[in-house]
Amino acid sequence: MEQIAPHVYRVHINDTHAFHPGGTNIYFVGDPSGEMVLIDTGEQDREWTRQILDAYGELGRPRMAAILITHGHLDHIGGLDRIQDVMQTSVLCHPKLVKRLVPFLGEEAVTGLRSRQRIRAGGQVALEARFTPGHAEEHVCFFLRKQKIAFTGDTILGSSTSTVQDLSTYMRSLALIQQFGPSIICPAHGKVVANAQGWVDGYVDHRNMRERQVVDALRRGISDVDEMVKAIYPKNLKRALRGAAAGNVRQHLTKLQKEGLVTEQPTRYVLKA
Ligand SMILES: [Zn+2]
């Protein structure tokens with residue numbers, strides 16, 4: 001475990017997942033001699049859960065005000081039942097995630113957050129919950145206002161770009177984080193980012209650049225997703241990443257469609273087998 005800033009402790013778990021360059025981070029926030037909160041519980045893996053509970057022991061088993069969940073992907077809610085058992089505190093998450101967590105935690109243990117809800121994490125330390133859909137519709141970021149620290153879950157990662165489920169809402173979530181103007185980003189995967197504003201701007205710029213490339217391809221008469229991938233991405237793009245690239249292009253097209261800038265014309269017909 002490593003202390004990132006006053007009141008912020010990181011448990012870093014080395015994992016080898018292809019989409020998690022730089023491993024996974026679990027955070028304890030608050031005052032170890034008073035009250036703390038935990039952000040996310042990692043993968044459903046005995047070894048991961050043990051590392052989190054070991055860190056809890058190292059901190060002196062503080063009273064836990066809550067366990068906060070950034071979103072419902074399995075690498076963020078694993079071990080939650082065992083960890084909640086030990087910490088004996090309530091789990092707070094996006095209202096859309098509550099139903100999924102109740103079956104294995106029980107009704108009383110899970111509460112839906114309100115957007116902008118303040119969560120006391122001991123003494124003067126308080127986090128603000130902000131709904132940040134895009135990577136997942138039930139994604140929540142947590143802001144430490146005074147210290148300008150953003151716990152960004154998978155909305156912004158520390159060592160790579162993230163995957164996106166809905167690009168329109170995702171861009172709004174990035175703008176919200178930009179507005180907050182963080183000085184440190186504590187992501188769920190990858191390194192902790194000290195040049196936070198530059199990193200967030202880079203995230204926004206990257207997506208805007210892709211969008212320009214997609215619009216440019218459309219302008220040149222390229223109308224097929226695979227052709228667009230060929231036109232936009234490097235020629236030597238690994239085959240395994242082509243699927244993700246195509247998914248990205250589709251996200252941009254859907255976003256442009258929602259904005260009324262693009263229409264889809266299904267004009268191809270094939271015989272059913
Ligand atoms: Zn994740």
> Looking at the range 178-196, which of its residues are free of Cβ contacts under 8 Å to residues at least 60 places away in the same chain, out of contact with any helix residue (DSSP H, G or I) (no Cβ under 6 Å at 6 or more places or on another chain), surrounded by 16 or more Cβ atoms within 10 Å (Cβ to Cβ) and over 24 Å from Lys255 (Cβ atoms)?
Replying inline: Ala196
>> When you check Leu101 against the structure, is it closer than 15 Å to Ile39 by Cα and not small (Gly, Ala, Ser), yes or no?
In response: no
> Could you count how many residues in the range 148-177 are under 21 Å from Gly243 (Cβ atoms), within 16 Å of the ligand (Cβ to nearest atom) and part of a helix (DSSP H, G or I)?
Replying inline: 1
> Residues in the range 94-123 that are in a strand (DSSP E or B) and among the charged types (D, E, K, R): how many?
Replying inline: 2
> Would you call Leu241 free of Cβ contacts under 8 Å to residues at least 12 places away in the same chain and either within 24 Å of Ser168 (Cβ to Cβ) or assigned by TED's automatic domain parsing to the domain that holds Asp166 (or both)?
Replying inline: yes
> Here are some conditions: (1) within 16 Å of the ligand (Cβ to nearest atom); (2) free of Cβ contacts under 8 Å to residues at least 24 places away in the same chain. Ile52 meets all but one. Which one does it not meet?
Replying inline: (2)
> of a type in the set (A, V, I, L, M, F, W, C), more than 15 Å from the ligand (Cβ to nearest atom) and under 19 Å from the mean Cα position of the chain (by Cα), is that true of Val91?
Replying inline: yes
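The values are calculated or read from the model by the stated rules, or taken from the named source; none is laboratory data. Please read these numbers as outputs of a predicted model, since none were measured by experiment. Cβ: placed from backbone, ideal geometry, glycine included. Neighbour counts: every protein chain shown.
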